[in-house]
Amino acid sequence: MKSSALGSLLVAFGMLLQGCSSGTKSFTASAGRIDPDGIAYLEPVTLGGHQQWLLVRGANKSNPILLFLHGGPGSPYIGLAHKFQHELEKHFVVVQWDQRGSGKSFPDTPPGSMTVNQFHADTHELVLLLRQQFNRDKIYLLGHSWGSYLGIVEAKHHPENLYAYIGAGQMIDLVKQEQLSHDFVTERAKADGNEKALKQLNEIGYPPYKDTENGMNAKYSWLWEYGGMLDNETGPSPFVKALLTAKEYSLMDISRFVRGGSFSLRQFADNEGLGFWKLKVPDAASGFQVPIFFVTGEHDRVTPLSLIENYTKALHAPMKQSVVINNTGHFAFFAEPRKFSEAIIEVRNKTLAQ
């Protein structure tokens, strides 16, 4: 998300609507009593030596665990979850995780720890922690965008811990997807005669950008402008509204959300250097030992459907399926929560007894 005007707007409205505390609503039964079958809590855990926050919610604590890996890096979903995961909570115990450097987990993040290897280690540690904490042999793993890269690598190397892996807005090849989105905004700018956009796109060059942080920020600002991020929106105002009404996020957390987004991209770019642009998913033909599912918005301009369909065709896995949600884009889970939830619940129906 863009962090300049967005940050000022969040702080101004957040001061009016929120205090400095956060929590999450319990599940209730008859007469407003807390439902003993439900589970709802917001708490920190230590992963890779750093405190990181989890939101855990489910109508029935005996349901399977679904770990949701957010995008970015640095775009967490604890503060957005109340807008899209209600139906999922009826069928899973849903775990949202603000990864190191982002949202509630932003404070005191060591800049040098923002590396791909550390995030892989954090992901695996959390999977094992959830298995142990809930006494489960396996869990479901769902990754979105950047989180889908972490998730599919975890599925490749540690299939024994998973019922299935679900990639939403699945990243396949970072360079290719960034080139396709760059082409999209360039074509739109030419069609509109937008000299300002064309000048800025020319200045940052073609992916892989020489200046990763500035290049990505510039390109994605125009991707927002041309509706390539969220359906029928030219800016992140729906996310802003969601954050401002989230019980799980305090005013301070909203500030951390904004600062963490900039921090995460900057530190990844600095720490990984050219390695940042080498991110690719495991070779499809090499095979997976766990069911693999992809759920993609038809008009996704960030992780294009064409790359995902080609990968799915070459994929070897015990079970595989690519589901397309029509008339939506990269944030299908937020824009079309009912359709998205139906697709995830269907994965459970197909795999839980496997």
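The values are calculated or read from the model by the stated rules, or taken from the named source; none is laboratory data. The structure displayed is predicted, hence computed values, not measured ones. Glycine gets a Cβ as well: all are built from the backbone with ideal geometry, and neighbour counts include every protein chain shown. Surface areas here come from the heavy atoms of the whole protein model, side chains and all, with no ligands, DNA or RNA. Shrake-Rupley method; radii C 1.70, N 1.55, O 1.52, S 1.80 Å.
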For region 126-142 the number of residues that are farther than 26 Å from Ala335 by Cα and either open to solvent by less than 10 Å² (accessible area, probe 1.4 Å) or assigned to a helix (DSSP H, G or I) (or both) is 9
Selected residue [free of Cβ contacts under 8 Å to residues at least 40 places away in the same chain, open to solvent by 10 Å² or more (accessible area, probe 1.4 Å), touching a strand residue (DSSP E or B) at 6+ places or on another chain (Cβ under 9 Å) and among the basic types (Lys, Arg)] from Arg57, Arg33: Arg57
Being under 19 Å from Val258 (Cα atoms) and in a loop (DSSP other than H, G, I, E, B) is the filter; apply it to region 1-60 and report the residue that is modelled with the highest pLDDT. Ser22
Failed condition for Arg301, given (1) closer than 18 Å to Phe239 by Cβ; (2) touching a strand residue (DSSP E or B) at 6+ places or on another chain (Cβ under 9 Å); (3) in a loop (DSSP other than H, G, I, E, B); (4) not aliphatic (A, V, I, L, M): (2)
Just to verify a result, which residue in region 304-354, among those that are of a type in the set (Ser, Thr, Tyr) and either part of a helix (DSSP H, G or I) or in contact (Cβ under 8 Å) with a residue 60 or more places away in the chain (or both), is nearest to Val93 (Cα to Cα)? Ser341
Condition first: free of Cβ contacts under 8 Å to residues at least 60 places away in the same chain, within 17 Å of the chain's Cα centre (by Cα) and either farther than 25 Å from Glu43 by Cβ or open to solvent by 20 Å² or more (accessible area, probe 1.4 Å) (or both). Can you find one or more residues in region 162-177 that meet it? no
For a quick check of your reading: which helices (runs of 4 or more DSSP H) sit entirely within region 143-259 and have at least 3 residues that are farther than 28 Å from Met319 by Cα? 174-192, 195-204, 212-225, 237-244
Collect the residues in region 202-235 that are over 19 Å from Asp173 (Cα atoms), under 19 Å from the mean Cα position of the chain (by Cα) and open to solvent by less than 20 Å² (accessible area, probe 1.4 Å), keeping them in residue-number order. Trp224, Leu230, Gly235
Please verify whether region 246-256 includes one or more residues that are touching a residue at least 12 places away in the same chain (Cβ under 8 Å), out of contact with any Pro (no Cβ under 6 Å at 6 or more places or on another chain), over 26 Å from Ala332 (Cα atoms) and open to solvent by 20 Å² or more (accessible area, probe 1.4 Å). yes
For region 36-54: of the residues being within 18 Å of Ser113 (Cα to Cα) and small (Gly, Ala, Ser), which is least open to solvent (accessible area, probe 1.4 Å)? Gly48
Confirm whether Lys138 is over 17 Å from Val56 (Cα atoms) and basic (Lys, Arg). no
Could you list all residues from region 85-98 that are open to solvent by less than 10 Å² (accessible area, probe 1.4 Å) and in contact with a helix residue (DSSP H, G or I) (Cβ under 6 Å, 6 or more places away or on another chain)? Leu88, Val94, Gln96, Asp98
For region 333-351, how many residues are over 18 Å from the mean Cα position of the chain (by Cα) and open to solvent by less than 60 Å² (accessible area, probe 1.4 Å)? 4
Condition check for Lys104: at pLDDT 95 or above, more than 20 Å from Trp224 (Cβ to Cβ), open to solvent by less than 40 Å² (accessible area, probe 1.4 Å) and of a type in the set (Lys, Arg): yes
The listed residue being open to solvent by 70 Å² or more (accessible area, probe 1.4 Å) and either within 19 Å of the chain's Cα centre (by Cα) or modelled with pLDDT of 95 or more (or both), out of His330, His316: His316
Would a scan of region 264-279 turn up a residue that is within 20 Å of His330 (Cβ to Cβ), among the polar types (S, T, N, Q), out of contact with any strand residue (DSSP E or B) (no Cβ under 6 Å at 6 or more places or on another chain) and at pLDDT below 95? no
Taking Gly275 as meeting all but one of (1) among the small types (Gly, Ala, Ser); (2) over 22 Å from Lys104 (Cα atoms); (3) touching a helix residue (DSSP H, G or I) at 6+ places or on another chain (Cβ under 6 Å), write down the number of the exception. (3)
I'm trying to understand the selection: among the residues of region 272-325, which are over 30 Å from Gln118 (Cβ atoms) and either in contact with a His (Cβ under 9 Å, 6 or more places away or on another chain) or among the charged types (D, E, K, R) (or both)? Glu298, His299, Leu305, Glu309, Lys313
